[in-house]
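Okay, so here's the structure we're looking at.
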Amino acid sequence: MIDFPPGLLLILGALPVPFLRGWLRGIWMLALPVAAFALLYSLPDGNHFQIAAFGQELELLRVDALSRVFGYVFIIAIFLGVIYSLHVRAVEEHVSGLIYAGAAIGAVFVGDLVSLFVYWELTAIASVFLILARRTPEALAASMRYLIIQVGSGVLLLAGLIVRWHETGSIEFGHIGIDGAGGVLILLAFGIKAAFPLLHNWLQDAYPQATPTGTVLLSAFTTKLAIYALARGYAGTEELIWIGVTMTAFPIFFAVIENDLRKVLAYSLNNQLGFMVVGVGIGTELALNGAAAHAFTHIIYKSLLFMSMGAVLHRVGTTLATELGGLYKTMPFTTVFCIIGGASISAFPLFSGFVSKSMILSAAAHEGYYFTWLVLLFASAGVFHHSGIKIPFFAFFAHDSGKRPKEAPLNMLIAMGLASILCIGIGVWPSALYAILPFEVDFVPYTDSHVLSQVQLLFFSALAFTVLMRTGLYPPELRCTNLDTDWLYRRVGRAVLRNITKTAGAIQARFYGAVNRRGQRFLVQLYRHHGPHGVLARTWPTGSMVLWVALLLFAYLFLYFIDIF
């Protein structure tokens, strides 16, 4: 057994990638997550890697049941991401992806807030290159906004850990709570990366602008790292229930009217995060198991959906619903894989989403959160509507766009195929997932009531979609930009900035005008006295000069004698 952080293995392993070429680079990148998985599997629970700094013990490798389940799925995600990106020649995309994944995995296994902060910021810096790699003006602008938000989250985390260190004298990354100012600041830092309401729009802004591979990796790590951090530090914080409920509901309406299908998936990602946040807020063993299980399944099926849309983007050059349709004719495998991802996120029985989402719903009902349970049911119907139906329908069926692209590259198909096998395998055999959850699982997903209620929910959601489409009441797909909370900076912020600039310009003009007027007066007076016709430029008679000299001499002698006496 080697006591070495698996995340650090990926980070260091990314460094030789630029110097490798061809198949050797591919083998090396595939070997890294395999080695990291084997390393994690061999590590027993406990603290394995500690260093002393700042008068504190920094724990760089703390393994327990909660960190292990997130570590496993993060490694699976980067393995699938590497396969999916084997055709990519841009080496910076490979390096940043591996470092980004390594930082997220490293953060999962730290036991102190200082080490968490270091990895937290490294995920932000490494991930921004996955957006920049798209090399478009829109991607450049989105990446800068993304970086500002992510670094801002790190600043809040740093401030929170300093305040908490002052409050408690400890930097341990355990249960934190919101009893102190430090805990509140850290919760805000986690909330930004978890895409809490009003703090979420960086997700819909940046993810659709990343490269196909970049979006797959972004969907796997940043937000789920935040879910892990919430589960570690804020389990049972009831305020999270209402935050999570809001997160599940509001994205549905934006996803229905959105034209960019990758942005639709970004909204559905926000919706699914809400389920996890609710589970963390309830805080019982069943709810926390549900949050961890749903994070596990979500990373895989959301990656699958983003892979399918990435394949469309790779072949067609767009993911706008108004420009797609009929692609099933030449991309049949991608179509099937997309449908499997849609069935999983919609929680169809025998697919992975069903065996994890039902745990959170059961926990909410069992603890008496009936309103929460009802909203989660509504959100489940909504996500089937926009991710289970809208994504595959408008991309591969709907109206025929006339486009006949090739099927996705082989490596993309392999990655999507493996993700599909996991989606179905977990749905058919949930005990394998339940065995690695943080707490002992006493939950049976396939009961008559669970299956029947979910099938009914999905049936009526599909019926509603069909009726709306047949009657023409379904919101049409339009070539436009739908504003979310980015309205605050696209409209209000721009107007405020315009007014500030206008006011500052007026103040500057008045200031310069006053200075200019006073300067002109000074020059006039200076010219009056020192100009060619000024007082000091006149010709004086010799007698007058002698008189002035005598008067000055008399004044000097007078003052001198006064000083003596």
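The values are calculated or read from the model by the stated rules, or taken from the named source; none is laboratory data. The shown structure was predicted, so the numbers you read here are calculated from the model rather than taken from an experiment. Here the Cβ positions follow ideal geometry from the backbone for every residue, glycine too, while neighbour counts run over all protein chains shown.
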Being at pLDDT 95 or above, among the small types (Gly, Ala, Ser), assigned to a helix (DSSP H, G or I) and farther than 21 Å from residue 208 by Cα narrows 97, 106 down to just 106
For the range 322-339 the number of residues that are surrounded by 24 or more Cβ atoms within 10 Å (Cβ to Cβ) and assigned to a helix (DSSP H, G or I) is 4
message: Please verify whether residue 33 is surrounded by 12 or more Cβ atoms within 10 Å (Cβ to Cβ), over 21 Å from residue 3 (Cα atoms), touching a residue at least 12 places away in the same chain (Cβ under 8 Å) and not aliphatic (A, V, I, L, M), treating the condition exactly as stated.
response: no
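For every residue, the table says whether it meets (1) small (Gly, Ala, Ser); (2) without any contact (Cβ under 8 Å) to a residue 40 or more places away in the chain; (3) buried (at least 24 other Cβ atoms within 10 Å of the Cβ); (4) in contact with a Pro (Cβ under 8 Å, 6 or more places away or on another chain).
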| residue | (1), (2), (3), (4) |
| --- | --- |
| 282 | no, no, yes, no |
| 287 | yes, no, yes, no |
| 300 | no, no, yes, no |
| 303 | yes, no, yes, no |
| 313 | no, no, no, yes |
| 369 | no, no, no, no |
| 386 | no, no, yes, no |
The residue from 253, 196, 190 that alone is free of Cβ contacts under 8 Å to residues at least 12 places away in the same chain and either surrounded by fewer than 24 Cβ atoms within 10 Å (Cβ to Cβ) or assigned to a helix (DSSP H, G or I) (or both) is 253
Flagged pairs (Cβ under 8 angstrom, 6 or more apart or on separate chains; first in the range 8-26, touching a residue at least 40 places away in the same chain (Cβ under 8 Å); second in a loop (DSSP other than H, G, I, E, B) and polar (S, T, N, Q)) are none
Residue 373 meets each of (1) among the hydrophobic types (A, V, I, L, M, F, W, C); (2) more than 15 Å from residue 252 (Cα to Cα); (3) crowded, with 23+ Cβ neighbours inside 10 Å with one exception, condition (3)
In the range 32-65, anything assigned to a helix (DSSP H, G or I) and of a type in the set (S, T, N, Q) is listed as 42
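Table: residues versus (1) within 17 Å of residue 217 (Cα to Cα); (2) within 17 Å of the chain's Cα centre (by Cα).
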residue	(1), (2)
267	yes, yes
276	no, yes
280	no, no
283	no, no
290	no, no
308	yes, no
314	yes, no
How many residues of the range 102-138 are crowded, with 24+ Cβ neighbours inside 10 Å, among the small types (Gly, Ala, Ser), under 25 Å from residue 53 (Cβ atoms) and under 17 Å from the mean Cα position of the chain (by Cα)? The answer is 4
Looking across the range 348-389 at residues that are in a helix (DSSP H, G or I) and among the aromatic types (Phe, Trp, Tyr), the single one that is farthest from the chain's Cα centre (by Cα) is 370
When the range 36-68 is checked residue by residue, the ones that are over 20 Å from residue 113 (Cα atoms) and surrounded by 15 or more Cβ atoms within 10 Å (Cβ to Cβ) are 36, 37, 39, 40, 43
Filtering the range 402-416 for residues that are surrounded by 16 or more Cβ atoms within 10 Å (Cβ to Cβ) and either at pLDDT below 90 or not assigned by TED's automatic domain parsing to the domain that holds residue 339 (or both) leaves a count of 1
Q. Has the range 179-187 got any residue that is closer than 25 Å to residue 28 by Cβ and more than 14 Å from the chain's Cα centre (by Cα)?
A. no
In the range 147-164, anything of a type in the set (A, V, I, L, M, F, W, C) and either assigned to a loop (DSSP other than H, G, I, E, B) or surrounded by fewer than 17 Cβ atoms within 10 Å (Cβ to Cβ) (or both) is listed as 148, 151, 155, 159, 162
